[in-house]
Amino acid sequence: MKTTRLLSLVFVILGLASPFAHAAPSLAGHWEFVPERSTTLTFWTKMSLDISIDGNKVQVTRVLSLPGDNATNQEVFNLDTTKDDNVCPAQWYADNRYDKATMGLFIGGDGAKHIRASWLDSGRTLRLDANFVVNTQQGPKPANTLSDYKLSVDGATLTLIQIRSARMTPFVYVFRRKAG
């Protein structure tokens, strides 16, 4: 009987506390690249992220640029976390480590990245598992990029960890939340 009363009291306390619990900060927002804490971009010199979230829908926009570059070098992924395969058209291969001409890597196959998006860590990590084809000088090659967008506890820092099938070393990119 004492155990039942104690458990009932615990459930009442938890029930009362939940409306006052703080919601986890969101990945949504504008993110500015922090080069001194990140893997070098090599060819690119600047990167920014814009992430918007509406229920199961997530849009990730990555903008890459060179000094004085006014061009819009961006890729946009419109994702639904309930789908196993989000087909995201890719007009270019943004993850070239050097300029496009030297590496000779281009998006191939159906011209799209096939991405499965899922939430981890109670919504603090967005995982993108992307499969696509890259055209190389040796012919088309299947590729995979696993990207974890991890939000700091205070919501001020976003760390992107990418593991690419063609590379042994992960890439780590750190971003700070832009004001406004």
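The values are calculated or read from the model by the stated rules, or taken from the named source; none is laboratory data. Keep in mind that this is a model prediction, so the values were computed, not measured. A quick note on method: Cβ atoms are made from the backbone with ideal geometry, for glycine too, and the neighbour counts reach across all protein chains shown.
General observations
- Checked against (1) at pLDDT 90 or above; (2) crowded, with 18+ Cβ neighbours inside 10 Å; (3) not charged (D, E, K, R), HIS30 passes all but condition (2).
- Residues of the range 118-153 satisfying the condition of being more than 19 Å from PRO170 (Cβ to Cβ) and either exposed (fewer than 14 other Cβ atoms within 10 Å of the Cβ) or in contact (Cβ under 8 Å) with a residue 40 or more places away in the chain (or both): SER122, GLY123, GLN137, GLN138, GLY139, PRO140, PRO142, VAL153
Okay, residues lined up against (1) of a type outside the set (Phe, Trp, Tyr); (2) at pLDDT 90 or above; (3) over 12 Å from the mean Cα position of the chain (by Cα); (4) closer than 21 Å to THR40 by Cα:
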{"residue": "ASN78", "(1), (2), (3), (4)": "yes, yes, no, no"}
{"residue": "TYR93", "(1), (2), (3), (4)": "no, no, yes, yes"}
{"residue": "VAL134", "(1), (2), (3), (4)": "yes, yes, yes, no"}
{"residue": "LYS150", "(1), (2), (3), (4)": "yes, yes, no, yes"}
{"residue": "THR159", "(1), (2), (3), (4)": "yes, yes, no, yes"}
{"residue": "ARG164", "(1), (2), (3), (4)": "yes, yes, yes, yes"}
{"residue": "VAL172", "(1), (2), (3), (4)": "yes, yes, no, yes"}
